[in-house]
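Only one structure is covered here, and it is reproduced in the block below.
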Amino acid sequence: MIPQSFEYHLPKTLSEATRLAAKFGDEGKVLAGGHSLIPLMKLRLAAPKHLIDIGRIAELGAIRDEGERIRIGATVTHFQLESSEMLKARCPLLPETAAEIGDVQVRNKGTIGGSIAHADPAADWPAALLALDAEIHAASAQGERSIPIAEFFVDLLTTALEPAEILTSISVPALPARGGDAYAKLAHPASGFAVVGVAARVVLDEKGSIAQAGVGITGIGPKAYRAAAVEDVLRGKAASSKRLQEASAHAAEGIEATGDIYASAEYRAHLASVYTRRALEKAIERASG
Ligand code: FAD
């Protein structure tokens, strides 16, 4: 179908973009890769009167190594993340997750900022960013603010961003010494989205016990979540396979799993445990060197 008519704006600076977003309010929408927004507009599920294309704002398109942390601009594409040699060395969870998204065309156009602003319950990035305890940076005509990822995903397709706010960058901690990252996903055979996706970052102490574990899970419920109950079982404990099994059993604890024609709620909850164990095993193996 053909979208309703709209005016197209191409700001060159962030301040120009936030001014436009404030001016148009609910009648405006930010356009990044367009891979989620344009299909919605074609189906007339979204009908913005103004599209604010942020693709030409140079400062939003960079990946920066800031030492202990790495900052990813909102319009960095999935492909840029997948192919960055710096990230493969400094934060391998990001390229590993990016490689699991859709197909080459989707990865070439889709952006990390667009993905998390859209907040699809089966998107891959939310799992990785929850596991890494990312910080989200946003700007509006009123100024800038940071949102912890734990507060960012509010509900199905709903985030903590205000309507006239533009997500500008995402900051994540680099992989520390004795750390290991992994992403384990069961992709839907038709759409490629996650039936379940589990991201893990594990940091071992000098004796090989688990000093820190971050586990983010997508695909199971209306929004991605951090599996705190899994992390609690692991913290300070030896990384035995019995312990991983015991911890993974808590993967869907407190979550109302979604059922659909492809996977029942019960099956999804079971998959959460299975893929959590797989992601943890791989992350620990990598952390052990
Ligand atoms: P857009 O479509 O441009 O925008 C999406 C929404 O976010 C809009 O509401 C827009 O206004 C808002 N927005 C965008 N950027 C910002 C910003 N900086 N600040 C504030 N609001 C913003 N995703 C997966 O995770 N896994 C998959 O396997 C997968 N498979 C796919 C397969 C197909 C065939 C398609 C079409 C998409 C698939 N996707 C998948 C989704 C894809 O990753 C999209 O690129 C992503 O969800 C949206 O990013 P975008 O840059 O295209 O955003």
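Any read-out appearing in this document is the output of simple, stated calculations on the displayed coordinates, not a laboratory observation. Keep in mind the model is a prediction, meaning the values are calculated, not measured. No Cβ is skipped: glycine too gets one built from the backbone with ideal geometry, and neighbour counts run over all protein chains shown.
The reciprocal of the average 1/r between distinct C-alpha atoms defines the Kirkwood hydrodynamic radius, which for the range 20-163 equals 15.8 Å. Over the residues of the chain, the helix contribution to mean residue ellipticity at 222 nm works out to -9000 deg cm²/dmol, using -39500 (n - 2.57) for each DSSP H run of at least 4. In whole angstrom, the range 7-53 maps to an equivalent ellipsoid with semi-axes of 19, 12, 7, each derived as √(5λ) from the alpha carbon gyration tensor and ordered largest first.
Less than 14 Å Cβ to Cβ from Arg178, Lys/Arg counted +1 and Asp/Glu -1: what total charge do the surrounding residues give? Don't skip to the answer; put the middle values down first.
Numbers: positive: Arg201, Lys207, Arg286; negative: Asp181, Asp205, Glu206, Glu285.
Local net charge: -1.
Dipole check for the chain: with +1 at the C-beta of Lys and Arg, -1 at the C-beta of Asp and Glu, and the Cα centre as origin, the magnitude is about 380 Debye. To make sure I understand the rule: partners must be lysines, Cα under 30 Å from the Cα of Lys237, and not fewer than 8 residues away in the same chain. Which ones qualify? Here the lysines satisfying the reach criterion relative to Lys237 are Lys88, Lys185, Lys207, Lys223, Lys282. Sparsely packed loop sites in the range 36-137 (the trypsin sites (Lys or Arg not before Pro) outside DSSP H, G, I, E and B with at most 16 other Cβ atoms within 10 Å) comprise Arg44, Lys49, Arg56. Straight-distance candidates among the lysines for linking to Lys109, with alpha-carbon spacing under 20 Å and chain neighbours fewer than 8 residues away dropped: Lys12, Lys29, Lys42. Taking 18 Å as the straight-line reach from the Cα of Lys242, the aspartates and glutamates in range (excluding those fewer than 8 positions away in the same chain) are Glu231, Asp232, Glu281, Glu285.
For the chain, the spread of Cα coordinates along the three principal axes comes to 58, 46, 32 Å, biggest extent given first. Note on Thr158 and Asp133: their simple-model spin labels are 2.8 nm apart, each label 7 Å out from Cα toward Cβ.
Other residues with beta-carbon under 11 Å from the beta-carbon of Ser209 carry, at +1 per Lys or Arg and -1 per Asp or Glu, a net charge of +3. When the Cα centres of the range 175-240 and the range 94-146 are compared, how far apart do they sit, in Å? What the calculation gives is 17 Å, centre to centre. Coordinate range of the alpha-carbon atoms in the range 1-80 per principal axis, descending: 45, 27, 17 Å. Packing here is the average count of other Cβ atoms within 10 Å per residue, and on that basis the peptides 135-146, 263-274, highest first, run 263-274, 135-146.
For the pair the range 55-84 / the range 4-52, the C-alpha centres are spaced 22 Å from each other. Applying the Kirkwood pairwise sum to the alpha-carbon positions of the range 202-289 produces a hydrodynamic radius of 13.2 angstrom.
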